[in-house]
1. Using the structure shown, decide if Val338 is over 25 Å from Val179 (Cβ atoms) and either assigned to a helix (DSSP H, G or I) or over 19 Å from the mean Cα position of the chain (by Cα) (or both).
2. Any residue in the range 205-228 that's modelled with pLDDT of 90 or more and acidic (Asp, Glu): show its pairings with residues that are part of a loop (DSSP other than H, G, I, E, B) and buried (at least 24 other Cβ atoms within 10 Å of the Cβ) at Cβ separation under 6 Å, as long as the two are six or more apart or on different chains.
3. Starting from the range 119-132, keep only residues that are in contact (Cβ under 8 Å) with a residue 24 or more places away in the chain and more than 15 Å from Lys166 (Cα to Cα), then list their pairs with residues that are surrounded by fewer than 24 Cβ atoms within 10 Å (Cβ to Cβ) and among the charged types (D, E, K, R) whose Cβ atoms are within a distance under 6 Å, requiring at least 6 positions of separation or different chains.
4. Filter the range 319-334 for residues that are farther than 12 Å from Thr250 by Cβ and assigned to a strand (DSSP E or B) and give the result.
5. Taking the condition touching a Gly at 6+ places or on another chain (Cβ under 6 Å), of a type in the set (Gly, Ala, Ser), at pLDDT below 95 and part of a loop (DSSP other than H, G, I, E, B), does Ala106 pass?
6. Taking the range 195-238, which residues are among the charged types (D, E, K, R), farther than 28 Å from Lys136 by Cβ and in a helix (DSSP H, G or I)?
7. For the subset of the range 64-103 comprising residues that are without any contact (Cβ under 8 Å) to a residue 24 or more places away in the chain and over 23 Å from Leu288 (Cα atoms), which member is farthest from the chain's Cα centre (by Cα)?
8. Just name the residue that is nearest to Lys78 (Cα to Cα) out of those in the range 239-259 that are part of a loop (DSSP other than H, G, I, E, B) and in contact (Cβ under 8 Å) with a residue 40 or more places away in the chain.
Amino acid sequence: MTLMNKKDFRSVFKKTTMFLSFIAAMGLTNTAFAQQKTLVEKWLDGEVKANYPKLTYTGPPITLKYSTFIAPGTPMGKVQQRTFDRLKADTNGKLIVQPFWGSSLANAQRGAFDAVSQGIADFGTCYVIFNTGGFKMFLGLQLPYVFENSTQSSSTAEELYPKYLKKEYEGRDVYLLHVSTTQPQQILTQRKPILKLEDMKGQKVWAPGGLSQEIAVALGASPTSVQSSEIYTAFQSGVVDAVPMHDAGTKLFRLIETAKYRTVANLWINPTEYCLNKKAWAGLPPDLKGIFYHWAQIANTAEAQLYYDRESTEALEDMNKRGIKSTTLSPEELARWVKVSEPVVQNFIKTNTAEGLPAKAFYDDMVALQKKYKAMTPDQITQALLDKPIPGIIDF
């Protein structure tokens with residue numbers, strides 16, 4: 001197994017610069033998710049059906065406790081609640097999700113794996129980026145300059161998981177239910193805009209974990225890690241100077257209230273995983289297991305399409321109205337950022353290969369799957385999942 005050669009790097013770099021015009025200010029990318037009723041919304045409204053296994057369970061309703069740090073009533077929370085309502089309807093009220101918002105049941109960021117594995121919650125947000133211990137290959141989802149939007153990256157992450165990521169995730173004594181991802185991170189600042197690579201030098205940059213910290217260092221910045229729930233205060237008070245954030249997150253975490261500048265740098269995506277208690281899964285009847293497993297994957301693309309991608313459109317409009325000035329790095333300037341970030345990619349491959357892990361194959365497959373999903377419309381991705389879920393995320 002060899003590291004990425006110059007031809008591979010040139011190919012990735014060419015792809016990156018080619019879609020710069022497409023994602024300028026993220027306006028065109030987000031416009032692709034215009035406010036029209038998509039297939040996944042029709043599923044949420046019960047107008048189209050998933051090819052679930054036949055419902056045969058006739059016992060009393062089963063309630064699953066869901067733990068999240070997301071506050072109720074937020075755009076992300078609203079999308080998730082719609083998916084929970086769909087699950088209840090599709091199981092004739094036999095499988096019900098009881099959400100505990102705002103970490104009201106347990107810390108749904110750091111320590112979340114323990115809360116779910118111990119049965120405090122049946123399932124919930126279990127983010128590797130806040131709990132990186134024991135994870136190696138999983139961190140590769142953050143490798144920079146691969147994805148254009150969440151629908152691509154979320155679909156890719158789900159498909160990569162059974163082959164490359166399952167063993168280490170289940171090593172935390174949980175199952176993965178599904179994994180969505182953010183859009184690529186843009187840079188928010190208050191005091192001065194980031195216009196060139198030199199502007200990153202010495203900046204205290206929020207980098208919650210995983211490869212984001214290595215990328216920040218490669219760009220000349222000083223990475224600072226705080227929980228997502230603390231980032232508003234940290235940004236407002238100057239604990240951090242710059243916040244890489246996907247556009248939808250600027251509203252979710254209220255950064256839109258204090259940011260003055262936004263730089264379109266398309267740095268990395270953050271995976272957002274949802275883990276499942278093994279005993280809770282084992283206690284489900286076989287037919288409800290099949291429905292729950294299938295539902296989770298359609299719910300995953302609903303989150304990617306309707307929150308991460310569509311909400312970014314509205315967030316960008318709000319940022320423009322508030323006078324937040326957006327700057328898109330030129331292809332020539334972005335080339336410098338890609339170049340200094342490339343050692344992070346190479347180090348990921350080299351380090352994990354030395355430990356006997358298929359890091360190069362993982363990276364190559366990730367790039368290939370991005371191309372596959374880029375060629376598909378969101379409705380085509382949804383239809384494929386309505387027909388049949390990706391196998392192997394949980395074995396049953």
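The values are calculated or read from the model by the stated rules, or taken from the named source; none is laboratory data. Just so it is clear, the model here is predicted, and its values are computed rather than measured. Glycine gets a Cβ as well: all are built from the backbone with ideal geometry, and neighbour counts include every protein chain shown.
1. Values: over 25 Å from Val179 (Cβ atoms): yes; either assigned to a helix (DSSP H, G or I) or over 19 Å from the mean Cα position of the chain (by Cα) (or both): yes.
Yes.
2. From the range 205-228, no pairs qualify.
3. Qualifying pairs under 6 Å: Ala121/Lys65; Asp122/Lys65; Phe130/Arg110.
4. Lys325, Thr327, Thr328
5. Working: touching a Gly at 6+ places or on another chain (Cβ under 6 Å): no; of a type in the set (Gly, Ala, Ser): yes; at pLDDT below 95: yes; part of a loop (DSSP other than H, G, I, E, B): yes.
No.
6. Here is the first cut: in the range 195-238, the residues among the charged types (D, E, K, R) are 196, 198-199, 201, 204, 214, 230.
Now narrow it down to the ones that are farther than 28 Å from Lys136 by Cβ: 196, 198-199, 201.
Across the range 195-238, the qualifying residues are Glu198, Asp199.
7. Among residues in the range 64-103 that are without any contact (Cβ under 8 Å) to a residue 24 or more places away in the chain and over 23 Å from Leu288 (Cα atoms), the one farthest from the chain's Cα centre (by Cα) is Gly73.
8. Step one: list which residues in the range 239-259 are part of a loop (DSSP other than H, G, I, E, B), which gives 239-241, 246, 253-254, 258-259.
From what's left, in contact (Cβ under 8 Å) with a residue 40 or more places away in the chain: 241, 246, 258-259.
Details: Asp241: 31, His246: 18, Thr258: 24, Ala259: 25 Å.
Residue satisfying both the conditions and the ranking: His246.
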